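As C-alpha coordinates, the structure follows; a few thoughts come after it.
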Amino acid sequence: YMPRIMYNYYMSDYTIKCKSNLDVVCSCQYHVIVCPKHRCSVLVTEKDSNLNTLHFISGLPRSGTTLLSAILNQNPRFSASISGPAARITRAVISEAQAQGGYRTQCPEELRKKLIKNMLHTYYQDSNSVVFDTNRGWPLLMPVLSDLYPESKMIICVRDVPWVIDSFEQLLRKNPYSLSSLFNGDEGIDVYARANTLLRSDRTVGFALNAIKQAVYACNNDSILLVEYDRLCRDPKQVIGDIYKHIAEEEFAHDFDNVASAHDEFDQDTGLKGMHTTRAKVELIKRQTILPPDIWHATEGLSFWKQIEQSQQLSRKSSGW
(Lines give C-alpha, C1' and ligand atoms only; values in the text may rest on other atoms or scores of the structure.)
Protein backbone atom coordinates (compact mmCIF):
# COMPACT_ATOMS: atom_id res chain seq x y z
CA TYR A 1 0.00 0.00 0.00
CA MET A 2 1.37 3.39 -1.01
CA PRO A 3 -0.06 6.28 1.01
CA ARG A 4 -0.84 9.46 -0.87
CA ILE A 5 1.98 11.79 0.12
CA MET A 6 4.09 14.59 -1.25
CA TYR A 7 7.81 14.48 -0.55
CA ASN A 8 11.21 15.55 -1.74
CA TYR A 9 14.23 13.31 -1.49
CA TYR A 10 17.89 13.27 -2.30
CA MET A 11 20.58 10.59 -2.25
CA SER A 12 23.65 10.74 -0.06
CA ASP A 13 25.73 7.60 -0.43
CA TYR A 14 23.61 4.80 1.05
CA THR A 15 20.88 7.01 2.51
CA ILE A 16 17.76 8.66 1.10
CA LYS A 17 16.48 11.45 3.32
CA CYS A 18 12.88 12.43 2.83
CA LYS A 19 10.51 15.05 4.10
CA SER A 20 6.76 14.57 3.95
CA ASN A 21 3.92 16.97 4.52
CA LEU A 22 2.13 14.13 6.32
CA ASP A 23 5.15 13.09 8.38
CA VAL A 24 4.79 9.52 7.24
CA VAL A 25 8.13 8.99 5.53
CA CYS A 26 11.40 8.52 7.39
CA SER A 27 15.06 8.30 6.40
CA CYS A 28 16.61 4.91 6.03
CA GLN A 29 19.34 2.98 4.24
CA TYR A 30 19.68 0.92 1.09
CA HIS A 31 16.92 2.82 -0.73
CA VAL A 32 14.14 1.55 1.58
CA ILE A 33 11.68 4.22 2.65
CA VAL A 34 9.35 3.15 5.46
CA CYS A 35 5.93 4.55 6.23
CA PRO A 36 5.61 4.32 10.04
CA LYS A 37 1.94 5.32 9.98
CA HIS A 38 0.94 2.38 7.78
CA ARG A 39 3.83 0.13 8.92
CA CYS A 40 4.96 -0.83 5.45
CA SER A 41 7.74 -0.20 2.98
CA VAL A 42 6.74 2.31 0.35
CA LEU A 43 9.91 2.17 -1.78
CA VAL A 44 12.42 -0.64 -2.09
CA THR A 45 15.22 -0.57 -4.66
CA GLU A 46 18.80 -1.76 -4.84
CA LYS A 47 21.57 0.77 -4.46
CA ASP A 48 23.40 1.38 -7.73
CA SER A 49 27.07 0.86 -6.89
CA ASN A 50 28.29 1.97 -10.33
CA LEU A 51 30.17 5.20 -10.70
CA ASN A 52 28.62 7.89 -12.84
CA THR A 53 29.96 8.14 -16.38
CA LEU A 54 33.69 8.65 -16.03
CA HIS A 55 36.07 10.09 -18.61
CA PHE A 56 39.68 11.23 -18.36
CA ILE A 57 41.60 14.35 -19.39
CA SER A 58 45.36 14.33 -19.77
CA GLY A 59 48.02 15.97 -21.87
CA LEU A 60 51.03 18.21 -21.86
CA PRO A 61 51.21 20.98 -19.26
CA ARG A 62 50.31 24.44 -20.56
CA SER A 63 48.24 22.81 -23.33
CA GLY A 64 44.69 23.72 -22.35
CA THR A 65 43.55 21.09 -19.82
CA THR A 66 42.48 23.79 -17.34
CA LEU A 67 40.72 25.72 -20.10
CA LEU A 68 38.95 22.58 -21.28
CA SER A 69 37.77 21.80 -17.74
CA ALA A 70 36.45 25.35 -17.34
CA ILE A 71 34.46 25.01 -20.57
CA LEU A 72 33.07 21.56 -19.72
CA ASN A 73 32.02 22.70 -16.25
CA GLN A 74 29.49 25.06 -17.84
CA ASN A 75 27.38 22.00 -18.58
CA PRO A 76 25.31 21.34 -15.42
CA ARG A 77 25.58 17.58 -16.03
CA PHE A 78 29.38 17.65 -16.03
CA SER A 79 32.04 17.78 -13.33
CA ALA A 80 35.54 18.45 -14.68
CA SER A 81 38.57 18.86 -12.44
CA ILE A 82 41.98 20.37 -12.79
CA SER A 83 44.81 17.96 -12.01
CA GLY A 84 43.85 15.71 -9.10
CA PRO A 85 45.30 12.77 -7.14
CA ALA A 86 43.07 9.93 -8.40
CA ALA A 87 45.61 8.62 -10.92
CA ARG A 88 48.39 8.59 -8.32
CA ILE A 89 46.13 6.80 -5.84
CA THR A 90 45.33 4.22 -8.52
CA ARG A 91 49.02 3.59 -9.11
CA ALA A 92 49.58 3.42 -5.35
CA VAL A 93 46.95 0.71 -4.96
CA ILE A 94 48.69 -1.41 -7.61
CA SER A 95 52.23 -0.82 -6.35
CA GLU A 96 51.61 -0.96 -2.60
CA ALA A 97 49.55 -4.14 -2.92
CA GLN A 98 52.78 -5.81 -4.06
CA ALA A 99 55.34 -3.78 -2.12
CA GLN A 100 56.37 -6.54 0.28
CA GLY A 101 56.37 -10.30 0.40
CA GLY A 102 52.92 -11.68 1.10
CA TYR A 103 51.04 -8.53 0.09
CA ARG A 104 50.40 -9.94 -3.37
CA THR A 105 48.39 -12.87 -1.98
CA GLN A 106 46.57 -10.78 0.63
CA CYS A 107 45.56 -8.24 -2.00
CA PRO A 108 45.07 -10.23 -5.23
CA GLU A 109 44.24 -8.67 -8.59
CA GLU A 110 40.45 -8.80 -8.21
CA LEU A 111 40.66 -7.03 -4.87
CA ARG A 112 42.93 -4.36 -6.35
CA LYS A 113 40.32 -3.74 -9.04
CA LYS A 114 37.60 -3.32 -6.41
CA LEU A 115 39.77 -0.97 -4.37
CA ILE A 116 40.39 1.26 -7.38
CA LYS A 117 36.74 1.35 -8.44
CA ASN A 118 35.54 1.98 -4.88
CA MET A 119 38.11 4.76 -4.48
CA LEU A 120 36.92 6.53 -7.63
CA HIS A 121 33.29 6.01 -6.66
CA THR A 122 33.89 7.57 -3.25
CA TYR A 123 36.02 10.38 -4.66
CA TYR A 124 33.24 11.46 -7.04
CA GLN A 125 30.14 10.45 -5.08
CA ASP A 126 28.96 14.07 -4.81
CA SER A 127 29.75 15.00 -8.42
CA ASN A 128 27.47 15.43 -11.40
CA SER A 129 26.44 12.54 -13.62
CA VAL A 130 29.36 12.87 -16.09
CA VAL A 131 32.81 13.17 -14.54
CA PHE A 132 36.13 14.18 -16.16
CA ASP A 133 39.19 13.45 -14.03
CA THR A 134 42.41 15.17 -15.03
CA ASN A 135 45.95 13.91 -14.50
CA ARG A 136 49.05 13.61 -16.69
CA GLY A 137 49.51 10.03 -15.50
CA TRP A 138 46.29 8.57 -16.89
CA PRO A 139 47.78 7.61 -20.30
CA LEU A 140 50.16 5.24 -18.50
CA LEU A 141 47.13 3.54 -16.95
CA MET A 142 45.24 2.95 -20.18
CA PRO A 143 45.18 -0.88 -19.74
CA VAL A 144 43.66 -0.43 -16.27
CA LEU A 145 41.05 2.06 -17.49
CA SER A 146 40.16 -0.09 -20.50
CA ASP A 147 39.51 -2.99 -18.17
CA LEU A 148 37.65 -1.21 -15.37
CA TYR A 149 35.85 1.42 -17.48
CA PRO A 150 35.67 0.08 -21.05
CA GLU A 151 33.15 2.77 -22.08
CA SER A 152 35.24 5.66 -20.82
CA LYS A 153 37.05 8.06 -23.15
CA MET A 154 40.29 9.97 -22.82
CA ILE A 155 40.87 13.50 -24.06
CA ILE A 156 44.54 14.38 -24.46
CA CYS A 157 45.48 18.04 -24.86
CA VAL A 158 48.63 18.77 -26.83
CA ARG A 159 50.55 21.86 -27.88
CA ASP A 160 53.72 22.42 -29.85
CA VAL A 161 56.49 21.59 -27.37
CA PRO A 162 58.46 24.84 -27.95
CA TRP A 163 55.35 26.81 -27.00
CA VAL A 164 54.92 24.67 -23.88
CA ILE A 165 58.46 25.57 -22.76
CA ASP A 166 57.84 29.18 -23.78
CA SER A 167 54.67 29.30 -21.68
CA PHE A 168 56.54 28.13 -18.59
CA GLU A 169 59.14 30.85 -19.21
CA GLN A 170 56.39 33.46 -19.45
CA LEU A 171 55.00 32.37 -16.07
CA LEU A 172 58.41 32.28 -14.41
CA ARG A 173 59.20 35.81 -15.56
CA LYS A 174 55.85 37.01 -14.24
CA ASN A 175 56.85 35.63 -10.82
CA PRO A 176 60.48 36.83 -10.49
CA TYR A 177 60.41 36.90 -6.68
CA SER A 178 59.20 33.31 -6.29
CA LEU A 179 61.13 30.06 -6.54
CA SER A 180 59.09 27.38 -8.27
CA SER A 181 59.02 23.88 -6.79
CA LEU A 182 59.39 22.62 -10.37
CA PHE A 183 63.15 23.19 -10.08
CA ASN A 184 65.75 22.25 -7.50
CA GLY A 185 68.83 24.35 -6.94
CA ASP A 186 70.62 25.25 -10.15
CA GLU A 187 67.96 23.53 -12.29
CA GLY A 188 66.22 26.90 -12.48
CA ILE A 189 69.27 29.08 -12.92
CA ASP A 190 68.60 30.03 -16.56
CA VAL A 191 66.36 29.27 -19.50
CA TYR A 192 68.61 26.48 -20.76
CA ALA A 193 68.72 24.69 -17.43
CA ARG A 194 64.96 25.07 -17.02
CA ALA A 195 64.20 23.73 -20.50
CA ASN A 196 66.46 20.72 -20.00
CA THR A 197 64.90 20.01 -16.60
CA LEU A 198 61.32 20.28 -17.82
CA LEU A 199 62.05 17.86 -20.68
CA ARG A 200 63.58 15.15 -18.51
CA SER A 201 61.57 11.93 -18.50
CA ASP A 202 60.94 12.24 -14.76
CA ARG A 203 59.87 15.88 -14.89
CA THR A 204 56.81 17.86 -15.86
CA VAL A 205 56.97 18.01 -19.66
CA GLY A 206 59.08 14.94 -20.43
CA PHE A 207 56.95 12.67 -18.24
CA ALA A 208 53.72 13.84 -19.87
CA LEU A 209 55.18 13.62 -23.37
CA ASN A 210 56.34 10.02 -22.89
CA ALA A 211 53.02 9.03 -21.34
CA ILE A 212 51.09 10.44 -24.31
CA LYS A 213 53.35 8.63 -26.77
CA GLN A 214 52.80 5.33 -24.99
CA ALA A 215 49.03 5.73 -25.11
CA VAL A 216 48.77 7.07 -28.67
CA TYR A 217 50.95 4.34 -30.17
CA ALA A 218 49.20 1.55 -28.23
CA CYS A 219 46.81 -0.87 -29.88
CA ASN A 220 43.81 0.13 -27.75
CA ASN A 221 43.87 3.84 -28.61
CA ASP A 222 40.35 4.15 -30.02
CA SER A 223 39.18 5.83 -26.82
CA ILE A 224 41.66 8.69 -27.25
CA LEU A 225 40.88 12.08 -28.76
CA LEU A 226 43.80 14.48 -29.28
CA VAL A 227 42.90 18.14 -28.82
CA GLU A 228 45.42 20.71 -30.06
CA TYR A 229 45.65 23.87 -27.99
CA ASP A 230 45.77 26.26 -30.95
CA ARG A 231 42.70 24.69 -32.51
CA LEU A 232 40.78 24.75 -29.22
CA CYS A 233 41.49 28.48 -28.86
CA ARG A 234 40.85 29.28 -32.51
CA ASP A 235 37.64 27.25 -32.99
CA PRO A 236 36.30 26.19 -29.58
CA LYS A 237 32.79 25.44 -30.82
CA GLN A 238 34.03 22.89 -33.35
CA VAL A 239 36.49 21.26 -30.93
CA ILE A 240 33.97 20.98 -28.11
CA GLY A 241 31.49 19.55 -30.60
CA ASP A 242 34.07 16.90 -31.51
CA ILE A 243 34.46 16.08 -27.81
CA TYR A 244 30.71 15.64 -27.35
CA LYS A 245 30.67 13.23 -30.28
CA HIS A 246 33.66 11.38 -28.86
CA ILE A 247 31.97 10.84 -25.49
CA ALA A 248 28.50 10.27 -27.05
CA GLU A 249 26.79 13.05 -25.11
CA GLU A 250 24.13 15.51 -26.22
CA GLU A 251 25.68 18.87 -27.05
CA PHE A 252 25.33 21.87 -24.76
CA ALA A 253 25.37 25.57 -25.65
CA HIS A 254 28.63 26.76 -24.11
CA ASP A 255 29.54 30.40 -23.58
CA PHE A 256 33.09 30.76 -24.91
CA ASP A 257 33.23 34.42 -23.84
CA ASN A 258 32.80 33.57 -20.17
CA VAL A 259 35.21 30.86 -19.09
CA ALA A 260 37.33 32.76 -16.56
CA SER A 261 38.64 30.58 -13.73
CA ALA A 262 41.45 30.59 -11.19
CA HIS A 263 42.93 28.02 -8.83
CA ASP A 264 45.34 30.15 -6.81
CA GLU A 265 45.41 27.75 -3.86
CA PHE A 266 46.72 25.02 -6.17
CA ASP A 267 49.28 27.31 -7.79
CA GLN A 268 50.69 28.41 -4.43
CA ASP A 269 52.18 24.95 -3.97
CA THR A 270 54.18 25.25 -7.19
CA GLY A 271 55.22 28.86 -6.69
CA LEU A 272 53.80 29.79 -10.10
CA LYS A 273 50.88 32.15 -9.73
CA GLY A 274 48.57 31.99 -12.74
CA MET A 275 49.51 28.47 -13.78
CA HIS A 276 45.85 27.37 -13.61
CA THR A 277 44.16 30.65 -14.51
CA THR A 278 42.05 31.07 -17.63
CA ARG A 279 40.97 34.27 -19.33
CA ALA A 280 37.31 35.12 -19.82
CA LYS A 281 37.29 34.67 -23.60
CA VAL A 282 38.53 31.66 -25.51
CA GLU A 283 40.78 33.05 -28.22
CA LEU A 284 44.18 32.45 -29.77
CA ILE A 285 46.52 35.33 -28.97
CA LYS A 286 49.47 35.62 -31.32
CA ARG A 287 52.81 36.73 -29.84
CA GLN A 288 56.55 36.34 -30.28
CA THR A 289 58.39 33.61 -28.42
CA ILE A 290 60.82 34.54 -25.67
CA LEU A 291 62.89 31.36 -26.14
CA PRO A 292 66.38 31.54 -27.66
CA PRO A 293 66.34 30.16 -31.24
CA ASP A 294 68.51 27.15 -30.41
CA ILE A 295 66.07 25.93 -27.73
CA TRP A 296 63.17 26.43 -30.12
CA HIS A 297 64.81 24.41 -32.89
CA ALA A 298 65.98 21.70 -30.48
CA THR A 299 62.43 21.08 -29.21
CA GLU A 300 60.47 21.64 -32.43
CA GLY A 301 60.65 18.00 -33.51
CA LEU A 302 59.20 16.68 -30.23
CA SER A 303 55.60 17.39 -31.30
CA PHE A 304 55.21 13.82 -32.57
CA TRP A 305 51.46 13.98 -33.26
CA LYS A 306 52.16 16.28 -36.20
CA GLN A 307 54.19 13.50 -37.79
CA ILE A 308 51.22 11.16 -37.32
CA GLU A 309 48.92 13.66 -39.02
CA GLN A 310 51.32 14.02 -41.95
CA SER A 311 51.65 10.25 -42.39
CA GLN A 312 47.86 9.87 -42.27
CA GLN A 313 47.46 12.54 -44.94
CA LEU A 314 50.03 10.80 -47.14
CA SER A 315 48.24 7.48 -46.58
CA ARG A 316 44.93 8.99 -47.68
CA LYS A 317 46.51 10.44 -50.82
CA SER A 318 48.20 7.17 -51.76
CA SER A 319 44.95 5.29 -51.14
CA GLY A 320 42.96 7.72 -53.28
CA TRP A 321 40.91 9.07 -50.34
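The values are calculated or read from the model by the stated rules, or taken from the named source; none is laboratory data. These figures come from a predicted structure and were not determined experimentally. Because the Cβ atoms are built from the backbone with ideal geometry, glycine has one as well, and the counts that use them run over all protein chains shown. Accessible surface is based on the protein model in full, side chains and every heavy atom, while ligands, DNA and RNA are left aside. Shrake-Rupley method; radii C 1.70, N 1.55, O 1.52, S 1.80 Å.
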Original post:
What nm value, rounded to one decimal, do you get for the distance between Arg231 and Arg287 when each label is placed 7 Å out toward the C-beta?
Top reply: 2.4
Subject >> Charge tally in the Cβ shell below 9 Å around Ile243, where Lys, Arg are +1 and Asp, Glu are -1, Ile243 excluded >> reply: 0
Original post:
What is region 116-256 by shape, rounded, prolate or oblate, if you read a ≥ b ≥ c off the alpha carbon gyration tensor as root eigenvalues and call it rounded for a/c under 1.5, prolate for a/b larger than b/c, and oblate otherwise?
Top reply: prolate
**OP:** For an R0 of 22 angstrom, estimate the FRET efficiency from the Cβ-Cβ distance between Arg88 and Asn52 and round to the nearest 0.05.
**Re:** 0.55
Original post:
According to the square roots a ≥ b ≥ c of the eigenvalues of the Cα gyration tensor, what is the shape class of region 227-314, taking rounded for a/c under 1.5, prolate for a/b larger than b/c otherwise, and oblate for the remainder?
Top reply: oblate
**OP:** For Ile224, enumerate residues with amide H under 5 Å from its amide H, sequence gap 5+ or separate chain, H modeled in the peptide plane.
**Re:** Met154
Original post:
What are the ³J(HN,Hα) values, in whole Hz, obtained from phi via the Karplus relation 6.51 cos²θ - 1.76 cosθ + 1.60 with θ = phi - 60°, for each residue of region 187-196 in sequence order, with x given for Gly and Pro?
Top reply: 4, x, 5, 8, 5, 5, 5, 5, 4, 4
Subject >> Karplus 3J(HN,Hα) series, Hz, for region 170-175 with 6.51 cos²θ - 1.76 cosθ + 1.60 (x for Gly, Pro) >> reply: 4, 5, 4, 6, 7, 10
Subject >> Spread of Cα-to-Cα distances over 10 Å intervals beginning at zero, given as percent, for region 266-305 >> reply: 21, 27, 47, 5
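What is region 171-321 by shape, rounded, prolate or oblate, if you read a ≥ b ≥ c off the alpha carbon gyration tensor as root eigenvalues and call it rounded for a/c under 1.5, prolate for a/b larger than b/c, and oblate otherwise?
Oblate, since a/c reaches 1.5 and b/c is not below a/b.
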**OP:** Please work out how much length the chain gains when fully extended from Ala260 to Leu111, using 0.36 nm per residue of separation minus the C-alpha to C-alpha distance, in nm with one decimal.
**Re:** 49.5 nm
Original post:
Largest first, what is the accessible-area ranking of Phe183, Phe252 with a 1.4 Å probe?
Top reply: Phe252, Phe183
Original post:
Tell me, what ³J(HN,Hα) does each residue in region 87-94 have, in order and in whole Hz, if you take phi through Karplus 6.51 cos²θ - 1.76 cosθ + 1.60 with θ = phi - 60° and put x for Gly and Pro?
Top reply: 5, 5, 5, 4, 5, 5, 4, 5
**OP:** Can you pull the one-decimal nm distance between simple spin-label points at Lys213 and Asp126, each 7 Å off the Cα toward Cβ?
**Re:** 4.1
Subject >> Packing-based ranking, highest mean first, of 282-289, 295-302 given that Cβ atoms within 10 Å are counted >> reply: 295-302, 282-289
Original post:
What does the highest-first list of 253-259, 194-200 look like by mean Cβ count within 10 Å?
Top reply: 194-200, 253-259
**OP:** Report the residues of region 213-255 in range of a label on Glu309: point 7 Å along Cα→C-beta, backbone N strictly under 18 Å from it.
**Re:** 213, 216-217, 224-243
Original post:
For the pair Glu300 and Glu151, how long in nm is the line joining their label points, each one 7 Å along Cα→Cβ?
Top reply: 4.6
